[in-house]
Structures are given as C-alpha cells and as structure tokens.
Amino acid sequence: MTGSADLLVRGARVRGRGDTLHDIAVQAGRIAAISPRVDATAAVEIDARGGLATESFVNPHLHLCKVHTLPMMDDESLRAYHGAGMTQAMSAIELAARVKAAYDESWIIGNVRRAVAAAAYHGTTHMRALADVDTKARLEGVKALLRARDEFKGIVDIQVVAFAQDGLVREPGAADLMRQAMVLGAGVVGGIPWIEATDADRAAHIAFCFDLARDFGADVSMLVDDVGDASLRTLEAMAEAGIARGWGGRVLAHHARAMALYDAPYLDRVIALMKQADLGLVTDPHTGPLHARVRELLAGGVTVCLGQDDISDAFYPFGRNSMLEVAFLASHLLWMTTRPEMETLYGMITTRAARAMGVRDHALKVGTPANLVVLDAPDVLEALREHAAPVAVISRGTLVDQASMRRLSREGG
C-alpha cells in the first residue's frame, strides 16, 4: 500500500509472524495492509514500539443490567452460589433477585455506562450483554442496555440479550415480557432452562426460546446446568433443540458447570452433540467453584470462549471488564499455563469468542474490519502476566479515546 491511510500502527509484533515488526494500515474502517514496511502516511500514527498488535477483545457473557449493584446487596447470595458444591445455586438466584425490586432504567444506565466504558478502555469492542426480563425487573434493564448500545455505537458493539433469569414456566408473565423485549430491540433470546421445576417445564422453556428466536430471526443464548447437579442435562437438551431447529452456529451455551460432574461416556456424548449442533460454549471459571470441561471440549472441536460474567454484583464482587484479566484468572483455574495453552486462552477472548457470538471476520487480516488493540507487551505470555490496558484500542477503524473511557468507567453518569 502506498499513499495515505486513515490510521497507521508502526512497528508492532503480530501473532504468528515471529519477532519481525510490522506496520498495519487502516483505511475506511478496514485493515488495508500488514507489512514490515507500509509506505504510506496517515493523520493518526501509533508507535507500537515492538508491542503486540492483535484482534480486539470480545466478551460473550456479561450480566450488564446488574453491574455495580453489590453495594445494594448483602453476601447471602454469594455464599449460596459458591458453597456446598453449588447445590444451592437456585437459592442464590432467588436471593440475588431482591435487587430487582428497585430496578429502574434511570439508575441502571449509570452503572451500565461505567461497565461498557471499562470494556472499551481495556480493549473490548464486542460484547453480549444480558438483561433480566421478569415481573420484577420488567423491561427496565433491557431499556438501559438498548440505550447504552446506541450511546456506545462505533466504540463497543453490544448484543442485547433478553434473559429470562427467573424462568418462564415458574415466572408467569415472563414470556410476554420476553416478546416485548424483542419488539423493543433486543437482539438475542436468553434462557435458563435448568431453573424450571420439571423435565417437561425445562423442555417448554427451551422450546419457547427457540420459537421466539425463530420469530425474530435471533440467536439463542442459554445458561445451562449452572448448578452442582449432573442429572439436569439441559445442555444436552439445548444441543438437541439446536439440531432439530436447524439453528446451527446461532446457539451459545453459558456456564454448564455441572459438566464437571459428568462421567466420561456421557461427557463424550454431549460433546459430540455440541459439535453436531455447532453449539459454542462460554465459560467463566473465576465466578464459581465448578466449571465446564474446557480441555475436553477443545479436543472435541467445540468453540469455547471466556466471559466476564459479572462485575461487582450479588454473584461476584470483583471485575474490571478486562478480558486479559479474565484469561489470566482462567489460566490458573484451568491450569492452562504452557505457551500453546496461553495462545488458546488468548483466542478464547478474541477470535473464538467472536465466532461464538456470530461476529464475522474478527481477525487481523487484510480486508477485515479494523478492530484491534496494541499492547505494551511483546507476546501473549507477557500480555497475560501484566493484563494491563492496551496502549491503543481501535474500533471500526477509529482510535478510541481511552482517557475518556477511563474517566467514565470511574464516574458513570
């Protein structure tokens, strides 16, 4: 490439290209060139100083309507969720639901802005965000998330999930509210079938979600078997529904913590079903004592990714919306500490996560959308070690004002 570009990154390391430094040119929102030397000029030039340049980060799981609500809660739901082998996860959800009595878009939006700004500051340009939809939360969370989606357009692409957190069969009125949420503009149908009381109710929950997704041409995300009970098997039921409905590549399972308790033959069967259904899975091992069988899933060819899950709420007291921090924590919890495993983890917060969310062409290649980060680290090992904010974040070809994002992440508004 010669002439002029909109933006140039100079002297960056690129994964898979050794220690040779490369220039990256951005034009019209896309990557125009990657070369040891790009003979062009640009109004915006970034000196990477040998730091790593990669695809931007992707967060496929965040309960965005609940962020920063921990000060409104006691610690009872945390104790229930994390204790007793996760057999009290249902009680944890019921305890956490108390905050929704005060739900109102007017204060939720300030918390949401803080969390999305933190994502942008830490290099995340795509996010799948869940908003509770039930007779307590009503549509207040959905409205706040839709508002944030518009406000952060061009900085963070937010997929808003209408999420039936308290169930459908066991929560009369929730189904109607879910449809209203989709009419308002939510883009993904979210379910949690394991929370229902019987196998028949769980099947009805799954069927409703797929029916609603069909009506709106939407993807499906479901929190499955997030409890210490291997007998529930809603992950299997979700995979079977995805196959039967022909919804391959548009279904994403979350958590599946009961998988930690599966025996080997059943685990093999479920992984085969997930592969057949093209069903991805997002795991958040830092937010609960059980987690999905990541190594086996990866070996079976399933798309596995990492999510933030929660930020300072009734289920998790920490979180900066930094996907590098999430991967750093996961490397310890999953014992993925060799260099190849670190590369896999990095993919689980970039390219694999994008694939799981249906984000196309999320790759550092000529012609793809220019969503990338420049790090003050020469390789993935050092990036994970420090899990620091990027030197630069580029979203849709535009340099993100990280100073403003950092201020907003602290102040809200």
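A short reminder: the numbers here are calculations on the coordinates, not readings from a lab. These figures come from a predicted structure and were not determined experimentally. Virtual Cβ from ideal backbone geometry, glycine too; neighbours counted across all protein chains shown.
Per-structure values
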quantity	calculated
Region 275-370, dipole about Cα centre (Lys/Arg Cβ +1, Asp/Glu Cβ -1), debye to the nearest 20	340
Spatially close lysines, pair count over the chain: Cα under 17 Å, gap of eight or more or interchain	6
Distance in nm between pseudo-label sites at ASP47 and ASP176 (7 Å out along the Cβ direction from Cα)	6.4
Sorted by Cβ density within 10 Å, fewest first, the residues LYS100, LYS66	LYS100, LYS66
For CYS305, residues with placed amide H under 5 Å, excluding near neighbours	LEU281, VAL282, THR283
Highest average packing first - 210-217, 355-362, Cβ atoms within 10 Å	355-362, 210-217
Calculated FRET value between ASP104 and ASP39, using beta carbons and R₀ = 60 Å, to 0.05	0.60
Ranked packing of 43-55, 220-232, most packed first, by mean Cβ within 10 Å	220-232, 43-55
Per principal axis, descending, Cα span of the chain in whole Å	65, 49, 39
Student exercise, region 57-357 dipole from Lys, Arg, Asp, Glu Cβ charges, in Debye to nearest 20	700
Order by protection proxy (mean Cβ within 10 Å, highest first), peptides 126-138, 395-407, 146-158	126-138, 146-158, 395-407
Contour minus Cα-Cα distance for GLU382 and MET72 (0.36 nm per residue)	107.9 nm
Segment GLN276-ARG339, extension gain: residue separation times 0.36 nm, minus the distance between their alpha carbons	19.7 nm
Stretch gain in nm, segment GLU151-ARG17, where the contour uses 0.36 nm per residue and the Cα spacing is subtracted	44.6 nm
GLN159 long-range amide H proximity, modeled H, under 5 Å	MET127, ARG128, ALA129
